[in-house]
Every structure is written in structure tokens, then in C-alpha cells.
Amino acid sequence: MYSLWQASGSGEETQTAQQEIQIDTLDAYRVVLFNDDVHTFDEVIFQIIKAIQCTRSKAEKHTWEVHTKGLSVIYSGTLPVCLKVSSILEEIDLRTEIQAG
């Protein structure tokens, strides 16, 4: 866990603990989907919809970005949700990565 500043007194220690809790809940993680030459557009679109419950149009945009740029940030959020999204995408052996920051 990261702290933005070091506490020097007992009152400030409480503030540091509160900041650490807030940092932990920020959308500090993202799921990146990488291109491959194995899956069809429809397979990827369906899996993105399943993973993040988005519209077909949004899933198509992500799929096109993966195809043309080699990757797309599919989701940003907390680590537990990113892990779930990533695992759903990987159900059909799509290649993902969870990045911090």
C-alpha cells in the first residue's frame, strides 16, 4: 500500500491510514487486451461484452483498437474487478495483462 506523505504525529497517523484506504479504492488498475491471430472479431466482441457488460458498439470499438493498435485498455477499476474481467477474457485464451497506475 502506498502513502502520499509520512505522518509525524498521532493525529497525522490517522490521516495517513485514511489516505491509504482511499488509494486502495481508486481506479488504479487497468485490464489490457492484446491482439492475436487466433480469435475472430465476433469471438472477441462476445467475450468483451461478457467481461464488462458493455454494448456491442463499445465492444466492437475495443476489438478494432486491439486489431489496429495491438492492444486496448478494456477496463479500469479496482484490482478485484480487474482480476475478474481478465479471467473472463482469458476463458477463451485471450491474452491480457493487469497494469497498475
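Worth a mention:
- Applying the criterion of being free of Cβ contacts under 8 Å to residues at least 24 places away in the same chain and aliphatic (A, V, I, L, M) to the residues of the range 45-56, the residue that is surrounded by the fewest Cβ atoms within 10 Å (Cβ to Cβ) is ILE49.
- Qualifying residue in the range 58-72 (condition: over 9 Å from the mean Cα position of the chain (by Cα) and at positive phi): yes
- Remark: pairs (first residue in the range 76-101, more than 18 Å from GLN47 (Cβ to Cβ); second residue of a type in the set (Val, Ile, Thr) and part of a loop (DSSP other than H, G, I, E, B); Cβ separation under 8 Å; 6+ apart in sequence or on different chains) are absent.
- Cβ separations smaller than 7 Å between residues 6+ apart or across chains give the following pairs from the range 57-73 residues that are without any contact (Cβ under 8 Å) to a residue 60 or more places away in the chain to residues that are of a type in the set (Lys, Arg) and part of a strand (DSSP E or B): VAL73/ARG30.
Readers should treat all values here as calculations from the given coordinates under stated rules, not as data from a laboratory. Treat the numbers as computed from the prediction; the structure is a model and nothing was measured. Please note: Cβ atoms are built from the backbone with ideal geometry, for glycine as well, and neighbour counts cover all protein chains shown.
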